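Taking it in order: structure first as structure tokens, then the write-up.
The values are calculated or read from the model by the stated rules, or taken from the named source; none is laboratory data. Here the structure is a predicted model, which means the values were calculated and not measured. No Cβ is skipped: glycine too gets one built from the backbone with ideal geometry, and neighbour counts run over all protein chains shown.
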């Protein structure tokens, strides 16, 4: 299970912080709102990726082609387990 910080948890359950993005282009402005479940899933994926780091060799932050990530399977399994444990089942 992944522990979320109190500030992150507040935004997952009803907060407006990171769930809403506003971009102002002068004449045109737009606001994008994400669901709380979508934000929770993104946080779980990010924290699981930090726990199971990519093991492929990289140059300037880009993984080299045709190399293998030894943590890919463990990261995918942990993401699925943590997603259900932390965020619950997806909304209908």
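Here are a few things to note about the model shown:
- Selection within the range 4-17 - in contact with a helix residue (DSSP H, G or I) (Cβ under 8 Å, 6 or more places away or on another chain) and either at pLDDT 90 or above or surrounded by fewer than 14 Cβ atoms within 10 Å (Cβ to Cβ) (or both): 13, 14, 17
One line per residue, one yes/no per condition, for (1) under 25 Å from residue 20 (Cβ atoms); (2) part of a helix (DSSP H, G or I):
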position	(1), (2)
41	yes, yes
65	no, no
73	no, yes
81	no, yes
85	no, yes
89	yes, no
92	yes, no
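- The range 52-63 residues that are more than 24 Å from residue 80 (Cα to Cα), paired with ones that are surrounded by fewer than 10 Cβ atoms within 10 Å (Cβ to Cβ) (beta carbon under 6 Å, 6 or more apart): 57/64
- Residue 31 vs. criteria touching a strand residue (DSSP E or B) at 6+ places or on another chain (Cβ under 6 Å), surrounded by fewer than 10 Cβ atoms within 10 Å (Cβ to Cβ) and at pLDDT below 90: yes
- Contacts under 7 angstrom Cβ, first residue in the range 68-92 being over 23 Å from residue 58 (Cβ atoms), partner modelled with pLDDT under 90 and loosely packed, with under 12 Cβ neighbours inside 10 Å, 6 or more apart: 82/1; 85/1; 86/1
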